[in-house]
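Right, one structure below, let's go through it.
The values are calculated or read from the model by the stated rules, or taken from the named source; none is laboratory data. A quick note: this is a predicted structure, and the numbers were derived from the prediction, not measured. Every residue, glycine among them, receives a Cβ derived from its backbone with ideal geometry; neighbour counts consider all protein chains shown. What goes into the accessible areas is simple: the full protein's heavy atoms, side chains included, and nothing from ligands, DNA or RNA. Shrake-Rupley method; radii C 1.70, N 1.55, O 1.52, S 1.80 Å.
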Amino acid sequence: MTLNDGPPFGPVVNGTMVVVFWEYRPSNVAAHLFLALFALATLAHLVYFVWLRAWGCIPLILGGICLVFGYLERSYAHSDPTKLDPWLLQNMLLLVAPPLLAASLYMSYGRISTALLEGTSKPNHGRRNNRGCCARCCYSWYRPIIIYFPDPPSLTAHCQPTNSFCTCSPTRLYVLADVAAIFTQLIGTVLPASGTESAQRLSKIIVLIGLCVQLLALGIFLFTCGRLHVRLHRNPTRSRAMLMDPGVRWLWYFGVMEVAGAMLVVRSVVRGAEYLGGTDGVVASHEWFVYVFDGVPMGVVMAGFLVLYPERVVREVKRQEGILKGAGMGEELRGGVKGESYPGGDVYVGGRCH
């Protein structure tokens, strides 16, 4: 049997395979199946985006497009597994898509946590003060306090040791880590095209660095999201929205984000194992790993956000704020519940009992 009559497949120069593209012939049926699923999910997210104007979900839509074309390139590789373009493009697109989905995940968490704890009608006291973003509040051993601005606003109560919640959301740090992961994985997937051993080694190192950065960001995110989820579950009186309409499954959105984060972690770990094992490793030599530990987790992320779309929380909070404004209570829309519940169900907020 000559080279490229069967696996492995790759370009042959002077009777030697310089780069191994595939340890198997990519499945055409599986590629088209996942292509169709991600195309439908991306189209549904596009409809939601237009309907709800959910700008934070733009990266998720871009990630879905990357997945569609990534599996399209895998289908092309079925007929000609020795061609460079399908192998290079599918590898690049399937590696770049998860960080884009993660970017929407991080931004959704920032939007949801801010809406539930602070509301959507916040005065402009400066972006930094408005979000209560300071290093001592987020990263010290103190228990952070909800940033609450009475009238006139007091900007001095940033961090105090208390048992309240933190409104800080390091979304920018998460997105910055995602951008770093995207660029490292783009560079890492292009380098092997040169065919040299040094380029392949450098490619592996760069991709692994990007995956480690993404795993670090996801780990911090899951801890932050889970902590807020538990605290709101134990004490829902800290959120006006949860008190006004307890019938809405507010905390389910945190569950969806946590599951999405866990799926991204699983995918990143398996991808890391693939690059550590090399082209002849267990992961790289079996195609089902790509679909079970990459395609399925990404499908769960996209499907989860369709079932419980994050922007619905923000719209529901805005609707409640509109009701309160109509009742003449607009000044108390900001912040969670400041005090405790009183007999009769009244809750002290900003100087009034409601």
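Values as computed for the structure displayed
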item	result
The range 244-302-the range 188-222 distance, computed between alpha-carbon centres (Å)	18 Å
Accessible carbon and sulfur surface of the range 24-87 relative to its total accessible area, %, 1.4 Å	73 percent
Distance in nm between pseudo-label sites at S79 and A303 (7 Å out along the Cβ direction from Cα)	3.1 nm
I58 - accessible surface, heavy atoms, 1.4 Å probe, Å² rounded to 10	70 Å²
Spin-label pair V266/H286, simplified geometry with 7 Å Cα→Cβ offset, distance in nm	1.5 nm
Accessible surface of D280 - all protein chains present, 1.4 Å probe, nearest 10 Å²	120 Å²
Estimated vicinal HN-Hα couplings, Hz - the range 57-63 in sequence order (Karplus 6.51, -1.76, 1.60; Gly, Pro = x)	9, 4, x, 5, 5, 4, x
Protein-only accessible surface order, largest first, of V265, V314 at 1.4 Å	V265, V314
List L46, L88, ordered by accessible area with a 1.4 Å probe, largest first	L46, L88
Computed accessible area, H78, all protein chains, 1.4 angstrom probe, square angstrom	70 Å²
R267, R319, R240, ranked by accessible area, largest first (probe 1.4 Å)	R319, R240, R267
Rel. contact order, % - alpha carbon contacts under 8 angstrom, at least six apart, the range 237-323	36 percent
Gain upon complete extension [A193, L40; 0.36 nm per residue less C-alpha separation]	51.9 nm
FRET E, pair L88, Y24, Förster distance 30 Å, beta-carbon r, rounded to 0.05	0.95
Inter-label distance for N235 and L216, nm, one decimal - labels placed 7 Å from Cα along Cα-to-Cβ	3.2 nm
